[in-house]
Amino acid sequence: MSTSVAAQQNPASDREEQRLQSLEQRLSELEEELAIARRDLRETQRENEEVAETVTARDDDSNGIQFGGAVRFQYVLADYDEGQKNRGGDMQFDLFRLNFDGEMNGAILSAEYRWFEYMDALRHAYFGYNFTDEWQGQVGVVIQPWGVMPYNSHSYFFSSNFYIGFEDNPGTGIKFTKRSDDWDLDFALILNDDLGGSTGDVRSRADSYNYNVSGIRLPGEDIYAEPERTASENNTFITRIARKFSFGDDELEIGVSGQYGDIDDGLDSVGSKQALGLHAAYSTGRWEFHGQWTHYDYDLDIENEGVVVGAYAYFDTIPTRSNLYTANVAYNYPVDFGPVESLQFYNNTSLITDKRGYQEDTVMNVAGMAVAAGGIYTYFDLVSAKNQPFANGSIAGEDTGWNTRFNINFGYYF
């Protein structure tokens, strides 16, 4: 009888033991899952901390103004200065400049001011905002868009476009830019020049970084005289459109620029200005090539012998209409020789022709080399020119002879 009861109790005991083993196994699985969950949580926390640190660092970088600048000197030896040739050339202070660039709470700031021995001048000063990764707006004294940007040259002397206001020329107004892999788009409304126009509160209309319209050259006036009839550009609309192409390591840009604006004497309109330009820029390996054509025309209501421009503490004259051509080539050569990091060899050629009221062309050829060595950047330039400012000439000159100037400009950039 007892043997039979014991036999009947064994199946229940086995089921209880199996259930306990199943619970123990499930408990072990839950503990393992919990350990995995805790590990994943720790990894997520670490990732979040890294992201937070990155965002904080980015915020720190984007919220601040950086200061920079340069101190530059130059050596000059010109064949048109007998005394200088007898002295073996002259070395002189060129400029001291300060730059301010940065971003505070999403607003962009950029400004540059320059001091020379004979004047001081603002290059640009604007604030702006990045609407997207490609579109930016700027308000203030902005660089007017035109042709090959940012410079249609490689030398210290720019191209002849600079001396007529079509290269690195600031103006007061508003500008919108788009920069993408395929397109450059620039749209600007320039209310007046960087000196405030005809009625600007400035010491002199000639104290400017770039060449502004300062007046109308009346018949009988000397080409370098301060103008009797003041005038300036006003309400100028500028558009620049450039298409960019990539062919492996090669880059090609083709673009068109247009400009239309008013000429004002401080009281009323005295004419208008229009301009059209085409440009191309190509880079392949270490080589760079630029080509540009610009046509401009001042349609003035007053009898004249040209337009007065002012910059670098003197006045000059330009024709009311002409065609400008530039052709540049450069070769970049990286080196590792002491502090020297790179050499750039270049040849920049400019031609201003078809001048209204003037017969002789302006021609400038600059053959040179730029040397980068740490914070020091040096231009070695050999300038051959006729009727070219800073080479004993004027755009409105009628000289037939050539002038030569050897120039070394060296500066420390910080």
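For the reader, a short list of remarks on this structure follows.
- When the residues of region 173-202 are filtered to those that are among the hydrophobic types (A, V, I, L, M, F, W, C) and assigned to a loop (DSSP other than H, G, I, E, B), the one that is surrounded by the most Cβ atoms within 10 Å (Cβ to Cβ) is L195.
- The residue list V383, V366, V335 contains one member that is free of Cβ contacts under 8 Å to residues at least 12 places away in the same chain and touching a Ser or Thr at 6+ places or on another chain (Cβ under 8 Å), which is V335.
The rows are residues; the columns are (1) outside any strand (DSSP E or B); (2) basic (K, R); (3) in the same structural domain as S350 (by TED's automatic domain parsing); (4) under 30 Å from T199 (Cα atoms).
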residue: V256; (1), (2), (3), (4): no, no, yes, no
residue: G261; (1), (2), (3), (4): no, no, yes, yes
residue: K273; (1), (2), (3), (4): no, yes, yes, yes
residue: L276; (1), (2), (3), (4): no, no, yes, yes
residue: H279; (1), (2), (3), (4): no, no, yes, no
residue: Y282; (1), (2), (3), (4): no, no, yes, no
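- When L324 is tested against (1) touching a Lys or Arg at 6+ places or on another chain (Cβ under 6 Å); (2) of a type outside the set (V, I, T); (3) in a strand (DSSP E or B); (4) closer than 26 Å to D207 by Cα, only condition (1) is not met.
To keep it simple, each residue is scored yes or no on (1) surrounded by fewer than 19 Cβ atoms within 10 Å (Cβ to Cβ); (2) over 21 Å from V329 (Cβ atoms); (3) at pLDDT 95 or above; (4) over 25 Å from the mean Cα position of the chain (by Cα).
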site	(1), (2), (3), (4)
V366	no, no, yes, no
A385	no, no, yes, yes
Q388	no, no, yes, no
D399	yes, yes, yes, yes
F406	yes, no, yes, yes
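- Any hit, region 342-363, residues being in a strand (DSSP E or B), of a type in the set (G, A, S), in contact with a Leu (Cβ under 8 Å, 6 or more places away or on another chain) and in the same structural domain as L276 (by TED's automatic domain parsing): yes
- The condition (being buried (at least 20 other Cβ atoms within 10 Å of the Cβ) and of a type in the set (F, W, Y)) is satisfied by just one residue among F127, F93, F166: F166.
- Against the conditions (1) touching a Phe, Trp or Tyr at 6+ places or on another chain (Cβ under 8 Å); (2) closer than 20 Å to L324 by Cβ; (3) not in a strand (DSSP E or B), G393 satisfies every one except (1).
- Unique residue being on the phi > 0 side of the Ramachandran plot, in contact (Cβ under 8 Å) with a residue 12 or more places away in the chain and not hydrophobic (A, V, I, L, M, F, W, C) when the list is G291, G266, G261, G248: G266
The values are calculated or read from the model by the stated rules, or taken from the named source; none is laboratory data. The shown structure was predicted, so the numbers you read here are calculated from the model rather than taken from an experiment. All Cβ positions, glycine included, derive from the backbone under ideal geometry; neighbour counts span all protein chains shown.
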